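Asks: Starting off with a structure, shown below.
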Amino acid sequence: MPWTYDPQNIFARILRGEIPNKTVVDTAHTLVFHDIRPHAPVHVLAIPKGPYVNLDHFAAEASAEEIVDFHRTVASVIADLGLREAGYRAITNAGLHGMQEVPHYHLHILGGRTLGRLVDPA
Ligand code: AMP
């Protein structure tokens, strides 16, 4: 089944400059900005600029250049935000079971305190 991208999603609107954001880094293929409802002292979102719904869409269809730019940018943000030594968590949600709210691929990067267990018990 092909992926279907909704160009009206809120992160697409951020990328078009229709909604403001608190930018951390802006590269050729990647934007990193602060989450509007942070769950930790550091909570930023890394998104590719291309129209990808989720991780598997991005991994399957993005160009090598986009994939490298995204991950190198994530690495530099982790270093710049001081997360390398104490650690951090990187999470991505997808679809119904992942309880994804915004249908544009994004990696949550959280840190600044000890984070809880990976998932709540069912
Ligand atoms: P997810 O449930 O993985 O799709 O997470 C979506 C995230 O986007 C949530 O953590 C929201 O707080 C965040 N979010 C939604 N709208 C905005 C916005 N305008 N600016 C920054 N973060 C946002």
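Asks: Suppose a student asked you for the relative contact order of the chain, using Cα pairs under 8 Å spaced at least 6 residues apart; what percent would you report? Before the final figure, lay out each step's value.
Replies: Numbers: 171 pairs, mean separation 36.9, N = 122.
Once normalised by length, the contact order is 30 percent.
Asks: Under the definition of Cα pairs under 8 Å and six or more residues apart, what whole-number percent is the relative contact order of the range 26-83?
Replies: Relative CO of the range 26-83 lands at 35 percent.
Asks: Sticking with this one: Starting from the Cα gyration tensor of the range 10-111, take the square roots of the eigenvalues, sort them a ≥ b ≥ c, and report rounded, prolate or oblate (rounded when a/c is under 1.5, otherwise prolate if a/b is larger than b/c, else oblate). If you can, show how the numbers build up before the last one.
Replies: Details: a/c = 1.29, a/b = 1.21, b/c = 1.07.
Taking the square roots of the gyration eigenvalues as a ≥ b ≥ c, the range 10-111 is rounded.
Asks: Let me ask another. Please list, in chain and number order, the residues 5+ apart from Y5 or on another chain whose amide H is under 5 Å from its amide H, with Hs placed from the backbone.
Replies: Hits under the 5 Å cutoff: none.
Asks: Still on this structure, please answer the following. Calculate, for the chain, the solvent-accessible area per residue in square angstrom, rolling a 1.4 angstrom probe over the heavy atoms of the protein chains.
Replies: It amounts to 63 Å² per residue over the chain.
Asks: Something else now. What is the percent carbon and sulfur in the accessible area of the chain, measuring with a 1.4 Å probe over the protein chains and ignoring ligands?
Replies: Carbon with sulfur: 56 percent of the solvent-accessible area.
Asks: Name the residues whose placed amide hydrogens come within less than 5 Å of the amide hydrogen of V24, ignoring near sequence neighbours (fewer than 5 apart) on the same chain.
Replies: For V24, whose amide H was placed from the backbone, the distant partners under 5 Å are V32, F33, H34.
Asks: Express in nm, to one decimal, how much length is gained between D120 and S76 on full extension, taking 0.36 nm for each residue of separation and deducting their alpha carbon distance.
Replies: Working: separation 44, 0.36 × 44 = 15.84 nm, distance 2.97 nm.
Answer, rounded to one decimal: 12.9 nm.
Asks: Along Cα→Cβ, 7 Å out, is where each label goes; now give me the distance between the ones at N93 and I67 in nm to one decimal.
Replies: It works out to 2.6 nm between the two label points.
Asks: Within a Cβ distance under 12 Å of H104, other residues only, what is the Lys/Arg minus Asp/Glu net charge?
Replies: +1
The values are calculated or read from the model by the stated rules, or taken from the named source; none is laboratory data. Note that the structure is a prediction, hence the values are computed from the model and not measured. When we count neighbours, we look across all protein chains shown, and the Cβ atoms used for this are built from the backbone with ideal geometry, even at glycine. Quick note on the areas: whole protein, heavy atoms, side chains included, nothing else; ligands and nucleic acids left out. Shrake-Rupley method; radii C 1.70, N 1.55, O 1.52, S 1.80 Å.
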